[in-house]
Structure formats: structure tokens, C-alpha cells
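First up is the structure itself, then whatever we jot down about it.
The values are calculated or read from the model by the stated rules, or taken from the named source; none is laboratory data. As the structure is a computational prediction, the values presented were derived from the model and not from experiment. Note that each Cβ is placed from the backbone with ideal geometry, even for glycine, and that neighbours are counted across all protein chains shown.
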Amino acid sequence: VTRQLAFATATTATGFGPILFAGRPTQAVRVAAELGYGGVEVHVKTPREYAESGLDEALREHGVRLAAVASGRIFSDDGYSLSDPDPERRAEAARRLNDLIDVAGEHGAVLIIGLLRGVRLVDDDAERTVDLLAETLAACADHAATRGVDIVLEAINRYETKLLQTAAETVAVIESIGGDNVGVLLDTFHMNIEEVSPAAAIRATGPHLRHFHVADSNRWAPGSGHIDFGEILTALDDIEYEGWISAEILPLPDDGSAAHAAIAHISDLDAHRRQ
Ligand code: LER
Ligand code: MN
């Protein structure tokens, strides 16, 4: 397999920690190219912010692709979510998401739904909350289909959301929505907290897996904690996963070192596995 490797960056400085070169997206693209990454994924809030970021020029200049557009700031900055009990606020979340879907569509990127799903249960009712989410997501998926975009829904650990923490829960929601442009995003950091076996969760997700985040147990670059990335890569190969492997990692000890460590660890593991 040839790995499609990326790392997560952001158009602006952000309170969300595991981002490299936040607010310096063109530098992110340059470093990605220097280190051998094929892509970057970007946290961005509006098409205008994207247009003003200089990313398009940088991607063209360095031959780097836009792997994914991440939508979390619509929630973390402005509080809109796809499962908000207020129909007006839910509709606004969907409008903003559709705008980002258009950005993704111009670049062949996937659109990530992480915290934009919402973090609280409506009236403590998990079923009703999931129904609201599924309904909004289905409408956005129809829009995404007109743009040729895949939406990926991420399983996120219990300390960040009460909604969809495991691969199995996330698969159930996307299967209820149906259609072939909604998939699952698994993240090794979250799986390390929630799954009995991350490798088994990857295998069970199978063809629904459309995007993949790597970070070690401490959210530093792979190789800096106690997750066994050899097992992870084997599971990805077993399901013939061909999507992006994107490092969503803390910029520690600094952005450049983290970016280097992530690709070095995965390349080393692949080199050993080939022997
Ligand atoms: C985003 O991809 C993520 O992994 C979550 O931790 C969002 O907070
Ligand atoms: Mn993630």
C-alpha cells in the first residue's frame, strides 16, 4: 500500500490543541511538502476565511492536496450543532456546514463532523438526540452528494462528547442515514480510551472507514506514547483502507518536530513490515 499521509492545521489560532501550525496554514503546507506528506487537513470556519488564507496558492505551489475540511469551529467558536434542540440553530449549523461542504467539493476533500454533532444529549435522551443529528446530517449529505463530497462522522471520547463515542455507535448512525457518501472517521487517540480493541474496531468498521486520525495515547505524534501503531496499520491494511491517515497531534515539543515525528514513525513501521 502507498500511504496517503496528512496532518491537521488551521486557518486561525485555535483553542483546540492538536493542530500543527495553527494560524500559519501556508507554512503548514510548505513543511508538509518538505517532510513528504501528500496532504493537509484544515480547520476552517467559512469559505471566506478559506479564500483569504492563501491555502490554494500554497497547495498549488507545493503540490500538496487538501485531504479534509474540519468543521469543529462552527461548534467550538459559535456553539451551533447538528443536534441542537432549537430548529433555528440546527438549521444555521446545517447552512454553515453546507458552505464548508462547497469548499471541500472544490478540492476533492472529505468533510469532517467531529464536535459539530453536539456534545450534550437533548433532555438526557440519547435516542432523540441521535434522531435530530441523523435528520440534519441526512439533509447535508444530500447537499454533499451534489458536490461529490464524502462526509465523515467521528467517534469521539467520553470526555469531549456524550454522543457517539465508539466506532459501533457511529457506524449505526451512518447506516441509519444510508446513502454512499457518509462514512466514519476513527481517531486512535479516542479509540485508545473507548474501544476494547482499536484494531478490532477498525476491522468492524470496514468499508465505512473513510478517514483516519492518528495521535498517540498522549496526543503527541505516533511513537511518543503507548499505542501500537504496527497493529493499527495491519488492521487498516486488512480492510484495504486507502483513505488519508492524518496526524491530529499536539504541536509538542514544537510544530515542526511533531510533524516530522509522525511521518517518521509511520514510515519506519511500514519499512519494517515490508522486510
Ligand atoms: C477532532 O478530530 C477530534 O478528534 C476531537 O477531539 C474534537 O475535539
Ligand atoms: Mn480526531
task = Of the conditions (1) surrounded by 19 or more Cβ atoms within 10 Å (Cβ to Cβ); (2) over 17 Å from the mean Cα position of the chain (by Cα); (3) in contact (Cβ under 8 Å) with a residue 60 or more places away in the chain, Glu248 clears all except one; give me its number.
result = (2)
ask   = Counting only residues that are without any contact (Cβ under 8 Å) to a residue 40 or more places away in the chain and surrounded by 15 or more Cβ atoms within 10 Å (Cβ to Cβ), how many does segment 60-81 have?
value = 4
key: Pick from segment 1-31, criterion under 17 Å from Phe212 (Cβ atoms) and among the small types (Gly, Ala, Ser), ranking: surrounded by the most Cβ atoms within 10 Å (Cβ to Cβ)   = Ala6
query = Among the residues of segment 80-124, which ones are within 16 Å of ligand 2 (Cβ to nearest atom), under 15 Å from the mean Cα position of the chain (by Cα) and among the β-branched types (Val, Ile, Thr)?
reply = Val110, Ile112, Ile113
remark   = Given (1) surrounded by 15 or more Cβ atoms within 10 Å (Cβ to Cβ); (2) within 16 Å of ligand 1 (Cβ to nearest atom); (3) under 18 Å from the mean Cα position of the chain (by Cα), Tyr241 misses just (2)
inquiry  = On the basis of being surrounded by fewer than 15 Cβ atoms within 10 Å (Cβ to Cβ) and more than 16 Å from Phe75 (Cβ to Cβ), does Thr188 make the cut?
reply    = no
query = What are the residues in segment 161-179 that are out of contact with any helix residue (DSSP H, G or I) (no Cβ under 7 Å at 6 or more places or on another chain) and either acidic (Asp, Glu) or within 16 Å of ligand 1 (Cβ to nearest atom) (or both), if any?
reply = Lys162, Glu169, Thr170, Glu175
Gly17, sole failed condition from (1) at pLDDT 95 or above; (2) not in a helix (DSSP H, G or I) = (1)
key: The lone exception for Arg117 - which of (1) modelled with pLDDT of 95 or more; (2) more than 18 Å from Ile177 (Cβ to Cβ); (3) not polar (S, T, N, Q) it fails   = (2)
key: Residue identified as in a helix (DSSP H, G or I), touching a Gly at 6+ places or on another chain (Cβ under 6 Å), buried (at least 21 other Cβ atoms within 10 Å of the Cβ) and in contact (Cβ under 8 Å) with a residue 24 or more places away in the chain among Ala201, Ala141   = Ala141
query = Failed condition for Phe75, given (1) in contact with a strand residue (DSSP E or B) (Cβ under 9 Å, 6 or more places away or on another chain); (2) within 16 Å of ligand 2 (Cβ to nearest atom); (3) under 24 Å from His143 (Cα atoms), with all others met?
reply = (1)
request  = Output yes when any residue across segment 124-142 is of a type outside the set (S, T, N, Q) and in contact with a Phe, Trp or Tyr (Cβ under 9 Å, 6 or more places away or on another chain), and no when none is.
outcome  = no
task = Search segment 32-43 for residues being hydrophobic (A, V, I, L, M, F, W, C) and crowded, with 24+ Cβ neighbours inside 10 Å, and hand back the single one that is farthest from Gly63 (Cα to Cα).
result = Val42
